[in-house]
Amino acid sequence: MIKVRCSIYTRKSSDEGLEKEFNSLDAQREACEAFIKSQKHAGWTAVSNLYDDGGLSGGTMERPALQRLLADIKAGKVQIVVVYKVDRLTRSLADFAKIVDIFDVNGASFVSVTQQFNTTTSMGRLTLNMLLSFAQFEREIAGERIRDKIAASKAKGMWMGGTVPLGYDVKDRKLVINSAEAETIRLIFQRYAELGSVKLLQAELDRRGLRSKRREGTKGLITGGAKFSRGILYLILQNRLYRGEVAHKGNVYPGQHEAIIEAELWLVVEDKLAANRKARSLATGAEAPSLLSGLLFDHDGNRMTPTHANKRGRRYRYYISAALLDTSRSSGNTMRVPASEVEGLVLDRVRTLLTSQKEIADALAALQLRAGELEAALSRAAKFGKEWPIMPPETARAVIRQAVARVMLSPDQIEIVIDAEQLAGALGVEGKIESASDRSIILTVPAELRRSGQGKRMVIGDPSQRPPDASLVQVLQEAFSVRAKILSATTETLNDITSGITKSKGRLTALMRLTYLAPSIIEDIFGGRQPPELSPKRLLRTSQDLPLDWSAQRKFLGFA
């Protein structure tokens, strides 16, 4: 008797109930096994391999068990596929045609336990096509019902699942505020309203060590807990859930959950986002009056001039040392820095001054104001500080231009010189200061400036407190993993190691070179003390030119 090898394929669209000891997949397999036993007289025997796709839709062929089954059919390991019902194999007519073609080419067929058809005959195929047409129709109708239910539920302000946003937890299928995470969300909105720059906001969050929400998947996989990217910050700032609303296909409905962000702050943030988008789309940023024009100097005393560059249809504003405009005067100490970053830091530091009654009182002490005048100045300063995020740009600009005498960029900080007399005038009081030293108030902002091409790259905050660069750490971990693999007693060839670990032999070689970096360099990278311009790409690209001497390596890579 000829032995006919039969495989059993089972599938269930959702995960629900799969954790049970006896689930839907087991029931399907049991029925199929009984059917195969009933055909024992024809030589049918079940293969031991299991082909189970739990929690996967029948509308796609991208199912691991189905792909293994098709591969075994092509290898001649299976002659008949047994399924409980035809739609367990597929719910798509197009996919069904592809599967039947594979069966025909390899001399295989399939049997449905509850609907016995033979795909080797034209009548069997016609009947199956009709059956699958109804199966596909049923699937599409179910999809429409689900979409209608989601739309109706969101119209009532219900949260309909998905990734739980930072700031909320889920309880009884409803969003409830997570107090600790909500503080991070409020900080993100407040600081963006004050800084007006997502890039500066990202740098501050990094400096504070704030990270995204950690989530545990259904299979125990942990995601999140990473630094905030600019893209994620834009999504957070535009997420109407934080306003207590639910958005669906362009419509916005009052949500059943509690808002984290107040209406006034939300409107300020949305206005600033819209203004920034408009400036980028119209490319007007370069023509806008530069806030620090005439006030900004590099650490050699050269005046810094506003300019701009075009890249892919967009304009980017910069301040450059005047020496850069005259090649005969150009020196290695010239600077070229992003205008929005410097302006944002200056604006934020002045706002901090205005919100500190002690700093304002100290700044105005030399004017010897009467108690009533000092109280009025402090009150006006507090009002300025509170309204700063929603203050019209021209008003904030007027305060800066009146109170700030000079801004100097140093290699490790931004120094802002405030004229106390002018500051008093901006706060509505008058006075005279005889001593020049008493008239100048120095404010500082930590911001390391490092050379990057013609200009300088700005690293905001105290460079000694920067967190490690995760991408650089990952490259070093990968390098030592490669080294351990190559030096281990393995029978794998170099090609096997390459394909199993990395992309190419060239990258493999570059990674091996990195394992001979000076220990002090590796320690600095893990401590976040590497040069700002050192990226994983640059580290790998220049690895072939690395000196053997450790001190020469530090100099070559730009370490202090």
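The values are calculated or read from the model by the stated rules, or taken from the named source; none is laboratory data. Remember, it's a predicted structure, so these values are computed and weren't measured experimentally. Neighbour counts are summed over all protein chains in view; Cβ atoms, including those assigned to glycine, are modelled from backbone coordinates with ideal geometry. Please note that ligands, DNA and RNA were not included when accessible areas were found on the heavy atoms of the full protein model with its side chains. Shrake-Rupley method; radii C 1.70, N 1.55, O 1.52, S 1.80 Å.
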Problem set entry | Distance from segment 337-385 to segment 400-452 (C-alpha centre basis), Å | 11 Å
For this session: Find the all-direction average of the projected area of the Cα convex hull for segment 1-79, expressing the result in square nanometres with one decimal place.
Result: 5.6 nm²
For this session: Add +1 for every Lys or Arg and -1 for every Asp or Glu among the other residues with Cβ under 14 Å from the Cβ of Leu374, and state the total.
Result: -2
For this session: Quick one: net charge around Thr307, please, counting Lys, Arg +1 and Asp, Glu -1 for every other residue with C-beta under 9 Å from its C-beta.
Result: +2
Exercise. For segment 138-228, what percent of Cα pairs sit more than 16 Å apart?
Worked result: 68 percent
Exercise. Which one of Ala94, Ala65, Gln79 is farthest out on the positive end of the charge dipole of segment 49-100, using unit charges on Cβ (Lys, Arg +1; Asp, Glu -1) and the Cα centre as origin?
Worked result: Gln79
For this session: Quote the accessible area belonging to Glu415 in square angstrom, nearest 10, computed with a 1.4 Å probe and with ligands, DNA and RNA left uncounted.
Result: 50 Å²
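What is segment 354-404 by shape, rounded, prolate or oblate, if you read a ≥ b ≥ c off the alpha carbon gyration tensor as root eigenvalues and call it rounded for a/c under 1.5, prolate for a/b larger than b/c, and oblate otherwise?
Prolate is the answer for segment 354-404, as a/c is 1.5 or above and a/b outweighs b/c.
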For this session: Keeping every protein chain in place, order Trp266, Trp550 by accessible area at 1.4 Å, biggest value first, i.e. largest first.
Result: Trp550, Trp266
Seminar exercise, completed: With a ≥ b ≥ c from the Cα gyration tensor eigenvalues, square-rooted, and the rule rounded for a/c under 1.5, otherwise prolate when a/b > b/c and oblate otherwise, segment 187-252 is oblate
